[in-house]
1. Starting from the amide H of Leu21, placed 1.01 Å from N in the peptide plane, find each other amide H under 5 Å away whose residue is 5 or more places distant or on another chain.
2. For the range 63-74, in order, what is each residue's ³J(HN,Hα) by Karplus, 6.51 cos²θ - 1.76 cosθ + 1.60 with θ = phi - 60°, in whole Hz (x at glycine and Pro)?
3. Under the Karplus relation 6.51 cos²θ - 1.76 cosθ + 1.60, θ = phi - 60°, what is the ordered set of whole-Hz ³J(HN,Hα) values for the range 29-41, x standing for Gly and Pro?
4. Any idea how far apart Ala58 and Glu3 come out in nm if each label point goes 7 Å out from Cα toward Cβ?
5. Given an 8 Å cut-off on Cα distances and at least 6 residues of separation, report the relative contact order of the range 1-49 as a percent.
6. Return a whole-number percent for the relative contact order of the chain, with Cα pairs under 8 Å and 6 or more residues apart as the contact set.
7. Taking amide H positions as placed 1.01 Å from N in the peptide plane, with prolines and chain starts having none, which residues 5 or more places from Thr75, or on another chain, fall under 5 Å of its amide H?
Amino acid sequence: MSETEILRLLECVHDPEIPALSIEDLGVLRSARVTDNAVEVVITPTYSGCPAMDVIEADIVECLNSNGFRDVLVTTRLAPAWTTEWLTEKGREILKKSGIAPPSRCGNADFSVNKIIECPMCDSKSVELLSQFGTTACKALYRCQKCLEPFDYFKCH
Ligand SMILES: [Zn+2]
């Protein structure tokens, strides 16, 4: 089985925090390699210590086991670090449909750029920060000043 086929199988593994998003959409799934009877899958966590990664790792093993691979090795690669740039276009759309504002394009390491955050409900740019921490540490809680709906913003990092 080729790497492409393994990666296709892994489309069934989703982010436990945003179940609509597959780990591929998220950019967490880096590569897969078949060696003899084993498969090695490389993932990069969205941030170090993200509790969702244990669940993702277990789901990868389960997914590949159920497809006949007994030996599954999941390697966590921390460098280069995951950035929100790795989110795919499809991933950004899914986030928005789930009511979560996708991260603004942060550019390289320049965090001083003005972040443009849009309300995922009405696309208004008049939003206010309610809390640096939303439902999970990866998100911040905002409220739209136009439709007054609170929403999660997927933090840029
Ligand atoms: Zn709004």
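1. When sequence neighbours closer than 5 places are left aside, the close amide H contacts are Asp15.
2. 4, 6, 4, 6, 9, x, 8, 7, 9, 10, 10, 9
3. Whole-Hz 3J(HN,Hα) from phi for the range 29-41: 6, 9, 7, 9, 9, 9, 10, 6, 10, 10, 10, 10, 10.
4. 2.9
5. Answer for the range 1-49 is 29 percent.
6. The value is 18 percent.
7. Long-range HN contacts for Thr75: Val41, Val42, Ile43.
Since every read-out is calculated from the coordinates, none of them should be taken as a lab result. Remember, predicted model here, so these are calculated numbers, not experimental data. For neighbour counting, all protein chains shown are included, and Cβ atoms are generated from backbone atoms with ideal geometry for every residue, glycine included.
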